[in-house]
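This report concerns only the one structure given below.
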2 protein chains.
Amino acid sequence: MTITEPALVADSQEALGGRFALSALSAGREPAAPETIGRWLADFAQRAYTTVERVPLDRLEGWERAPDTSYLRHHSGKFFSIEGLEVEAPGAVVPRWCQPIINQPEVGILGILVKEFDGVPHLLMQAKVEPGNRNGLQLAPTVQATRSNYLRVHGGRPVPYLEYFRDLTGRQVIADVRQSEQGSWFLGKRNRNMVVEAEGEVEVLDGFRWLSLGQVHRLLAEDDVINMDARTVLSCLPYTGAQLGAALGCDGDDFRSALVRSCVTDRARQTLGDHLSWITDTRTMTEVRRRPVPLDGLTGWRLHDGEITHEDGSYFRVIGVRVTAGGREVARWSQPMIEPCGPGVIAFVVRQFAGVLHVLVRLGAEAGSVDTAELAPTVQCNPENYARLPRPELLDVVLGASEEQIRFDTMLSEEGGRFHHALNRYLVVEAEVEAPSPAFRWMTLRQLSGLLRHSHYLNVEARTLVACLHSLAGRQES
Amino acid sequence: MTITEPALVADSQEALGGRFALSALSAGREPAAPETIGRWLADFAQRAYTTVERVPLDRLEGWERAPDTSYLRHHSGKFFSIEGLEVEAPGAVVPRWCQPIINQPEVGILGILVKEFDGVPHLLMQAKVEPGNRNGLQLAPTVQATRSNYLRVHGGRPVPYLEYFRDLTGRQVIADVRQSEQGSWFLGKRNRNMVVEAEGEVEVLDGFRWLSLGQVHRLLAEDDVINMDARTVLSCLPYTGAQLGAALGCDGDDFRSALVRSCVTDRARQTLGDHLSWITDTRTMTEVRRRPVPLDGLTGWRLHDGEITHEDGSYFRVIGVRVTAGGREVARWSQPMIEPCGPGVIAFVVRQFAGVLHVLVRLGAEAGSVDTAELAPTVQCNPENYARLPRPELLDVVLGASEEQIRFDTMLSEEGGRFHHALNRYLVVEAEVEAPSPAFRWMTLRQLSGLLRHSHYLNVEARTLVACLHSLAGRQES
């Protein structure tokens, strides 16, 4: 056996962070001011659209009730099902409740393809229509496909660019990690978040476009343009390291410099080791018992007018829709969706300590969490659900913030394939507050980026806010 | 609200690694040559012992069969149960099998208390008797307690030193991470592995003793002295960083220098990012379906002479024992245990690349794995079970290694509270081989230490071998 001595490589996170800093500062290789991208989207929207019609759940074509559990499932046994869940969380504000929940055990792929143009990495973004989107079209990752989807269980067309994410041999993989999705609505759901670099020529298909990170960051500040799947993948970019600090600059005493320092410095209020111990402690001590229960007769919920609603009118509804799509995908289908009752407020409270921006995260369990508790935004709620419950901590600090305190404020929607008009107001608010309870901790963005290399530390709402914070680090002062 | 500006701290892993290097080089503050420790253990063994008597499973006092599933459980509903499991692993060597498995959902604490004497950290080790130990007494962590145990469900005495691990306020936590245990015998079992530093005076109770890491490392080379629970906690020590390299020295071209470099250098055959992507890919693509099935009538297994045995006589037996203990714990109890059929071979094959030692890990799923696949030793099997199956890869390289290739070779036993005489030959073998399949990868010890800060990357057998490798890094050439 002949063995050639291979060279060793150093870990590449630092260098990757520097490359994406360049991309964040770039207006893009193409003449693509926001207006141009807007025109491209508007043009594409003419040719790709969905019509969504409400249908009572009991008359959804292709869907049936399981005889024993009354779960709502597709007759093929694929896609997902709507099930009933009883949750017991001793010691929580609400120690026991029942709810419908989506069970979609398959792990799909959310992947962004990256390619360098003139030395600057660009992201291949997809204009994607989804039935739950208020505005139809949003910008999605290159690949956004459930497993059923990419294995073509429903007989649709092949998923474009899938090959870059299925066979990784010889490719530069920039991020590849399974992350959870909405724990309030999904039972243990997770998707594979990937960023992969393409070598050589890549054909740009209709509905796809190369954008620099700077362009994507600008679009993230616009309502309802960058979809949830794109946001979670963006949060997993290695936006850290000394090279990023050098490229973006962090010598000032302004907010942006404190933010960039937060991405690059090893110094923090507490060590990563302390934080990991805190997470281990909470996950060990939190008791959340979940028990599947029949969907019919779920305590507190009723089937009314073909929808499953809470008897208070709060939380969310399970609705049925018939979708007619013009464009690339299967032309017509029916499905249940979750429709929240009113928009939510999702916010990071941030604060500078010794010139380094820290983010106040909350560690908590949700009904469908994969592993008990994950780091969540400082505030994550639909205020209307709290009429008869104690007001969520720091909600009033967020809602009462002055204009100067508000660093980010955009309406963004959650996954339009399962959720109907699930809009949330995403905020980053700078405030001189203390952590209100041991469930909260201050962390730097570098610490959060370190955790994002691994599964199930940050929930999907916190990941969106990490992407939003990254977008502020590269923004030129105006 | 008055807010004082707190100082920021840098991550402490590097400094901790240096401190434990000092401890590894120390012969200990007390006059404690191995003989002294041996005498102390022998003396303690006079006063602490268990008598173990076999009892048929159907006559185990306090244990009963569940009416619907025939699972063997304690009448209190606590401790653990023996259940039946059907596993389907399409594409595996054995694509479908049934087996009994221990279900113990509680997360216990395995904790080592650390205290500095004359500037050198020492570990408080416990002489602990367990019914499954061939030799009765072994060295255990300061605290080794199931949740039932430390909440005193069975009415035993309080667990000594528990307070150091239950209230972490103001303490220096050196490691705190939930890790899995034997995936072949446990269903999703995990324990909390902790290393916590004590400030101030600590009373040393009978059966406990402060040892330096150097002393523990020497004892690890002796058969059956350091128990499994101690080994897994030792593996989680931050044995990495430049200070460790400086303290242990790594300028030579010998095996030990290559090993120390492996603990400290950032350079490796592949980046951590590549490894994480490989783990994500395998976990996403591996399909392991588990289904609870009744314990009676389990395909391939039978209840015979009061034991559950495989019809080939292979794998393991479920036996019943009545234990009489003299010493600190409850005096008499009965319980089922798992008794493997013959000793196993558990080995890391290691190899130097560009002067840096790399460990060949195998990524695979076990019946009870918490999250599909974990990193396992290069070889982990009971050779007798493979009479009718393809020979495990690299088993013959390990068993045929010359004396110069064998760097570590000790019989160690698994957890004596659940497993009866579960002995394995643990080996580290240096060999110029290539990874035999894509299920294997070369990693440095620094990469493994990085992963050990997080849950469920390394299985318990691989963690024992990491502790063994660390023990070789501090060893003086003789």
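The values are calculated or read from the model by the stated rules, or taken from the named source; none is laboratory data. This is a predicted model, so every value here is computed, not measured. Please note: Cβ atoms are built from the backbone with ideal geometry, for glycine as well, and neighbour counts cover all protein chains shown. Quick note on the areas: whole protein, heavy atoms, side chains included, nothing else; ligands and nucleic acids left out. Shrake-Rupley method; radii C 1.70, N 1.55, O 1.52, S 1.80 Å.
Details
- Output for segment B:238-270, where each listed residue is within 11 Å of chain A (Cβ to nearest Cβ) and among the aliphatic types (A, V, I, L, M): B:Ala268
- Segments classed as strands (runs of 3 or more DSSP E), wholly inside segment A:36-90, with at least 3 members that are under 28 Å from the mean Cα position of the chain (by Cα): A:49-55, A:72-74, A:81-88
- Selection status of A:Val429, open to solvent by less than 10 Å² (accessible area, probe 1.4 Å) and part of a strand (DSSP E or B): yes
- When segment B:252-273 is filtered for residues that are over 17 Å from B:Leu25 (Cα atoms) and not hydroxyl-bearing (Ser, Thr, Tyr), the ones remaining, listed by number, are B:Gly252, B:Asp253, B:Asp254, B:Phe255, B:Ala258, B:Asp266, B:Arg267, B:Ala268, B:Arg269, B:Gln270, B:Leu272, B:Gly273.
- Test: residue in segment A:129-146 that is within 14 Å of chain B (Cβ to nearest Cβ) and out of contact with any Phe, Trp or Tyr (no Cβ under 8 Å at 6 or more places or on another chain): yes
- Check on A:Arg290, in a helix (DSSP H, G or I), among the charged types (D, E, K, R), more than 30 Å from A:Leu137 (Cα to Cα) and open to solvent by 20 Å² or more (accessible area, probe 1.4 Å): no
- Selection status of A:Asp254, touching a helix residue (DSSP H, G or I) at 6+ places or on another chain (Cβ under 8 Å), acidic (Asp, Glu) and surrounded by fewer than 21 Cβ atoms within 10 Å (Cβ to Cβ): no
- Flag for A:Arg218 being open to solvent by 30 Å² or more (accessible area, probe 1.4 Å), in a helix (DSSP H, G or I) and either under 23 Å from A:Met411 (Cβ atoms) or hydroxyl-bearing (Ser, Thr, Tyr) (or both): yes
- All of (1) surrounded by 14 or more Cβ atoms within 10 Å (Cβ to Cβ); (2) more than 26 Å from the chain's Cα centre (by Cα); (3) at pLDDT below 95 hold for B:Asp305 with one exception: (1).
- Output for segment A:105-130, where each listed residue is open to solvent by less than 10 Å² (accessible area, probe 1.4 Å) and either part of a loop (DSSP other than H, G, I, E, B) or of a type in the set (Gly, Ala, Ser) (or both): A:Gly108, A:Gly111, A:Ala127
- Sole residue being modelled with pLDDT of 90 or more, more than 14 Å from chain B (Cβ to nearest Cβ) and in contact with a His (Cβ under 6 Å, 6 or more places away or on another chain), chosen from A:Glu53, A:Glu64: A:Glu64
- Within segment B:446-474, being part of a helix (DSSP H, G or I), more than 20 Å from B:Leu272 (Cα to Cα) and small (Gly, Ala, Ser) holds for B:Ala467, B:Ser471, B:Ala473.
- Verdict on A:Gly200 being of a type in the set (Gly, Ala, Ser) and touching a residue at least 24 places away in the same chain (Cβ under 8 Å): no
For (1) aromatic (Phe, Trp, Tyr); (2) in contact (Cβ under 8 Å) with a residue 24 or more places away in the chain; (3) more than 27 Å from A:Ile102 (Cα to Cα), each residue gets a yes or a no:
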site: A:Asn382; (1), (2), (3): no, yes, no
site: A:Leu389; (1), (2), (3): no, yes, no
site: A:Leu399; (1), (2), (3): no, yes, yes
site: A:Ser402; (1), (2), (3): no, no, yes
site: A:Gln405; (1), (2), (3): no, yes, yes
site: A:Gly417; (1), (2), (3): no, yes, no
site: A:His420; (1), (2), (3): no, yes, no
site: A:Arg425; (1), (2), (3): no, yes, no
site: A:Val429; (1), (2), (3): no, yes, yes
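Yes/no per residue for (1) more than 10 Å from every other protein chain (Cβ to nearest Cβ); (2) closer than 20 Å to B:Gly416 by Cβ; (3) crowded, with 21+ Cβ neighbours inside 10 Å; (4) charged (D, E, K, R):
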| site | (1), (2), (3), (4) |
| --- | --- |
| B:Gly156 | yes, yes, no, no |
| B:Pro160 | yes, yes, no, no |
| B:Leu168 | no, no, no, no |
| B:Ala175 | no, no, yes, no |
| B:Ser184 | yes, yes, no, no |
| B:Asn193 | no, yes, yes, no |
| B:Val196 | no, no, yes, no |
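- Selection count where residues are surrounded by fewer than 17 Cβ atoms within 10 Å (Cβ to Cβ) and not in a helix (DSSP H, G or I), scope segment A:257-287: 2
- Matching residues in segment A:435-445 - criterion: being open to solvent by 10 Å² or more (accessible area, probe 1.4 Å) and either assigned to a helix (DSSP H, G or I) or basic (Lys, Arg) (or both): A:Arg441
- The single condition among (1) at pLDDT 95 or above; (2) away from chain A (no Cβ under 14 Å); (3) under 16 Å from the mean Cα position of the chain (by Cα) that B:Glu374 does not meet is (2).
- The lone criterion from (1) open to solvent by less than 10 Å² (accessible area, probe 1.4 Å); (2) touching a Leu at 6+ places or on another chain (Cβ under 6 Å) left unmet by A:Met337 is number (2).
- Subset of segment B:131-189 [within 28 Å of B:Ala15 (Cβ to Cβ), assigned to a loop (DSSP other than H, G, I, E, B) and basic (Lys, Arg)]: B:Arg171
- Tally of residues being under 14 Å from A:Val225 (Cα atoms) and surrounded by fewer than 13 Cβ atoms within 10 Å (Cβ to Cβ) across segment A:33-62: 3
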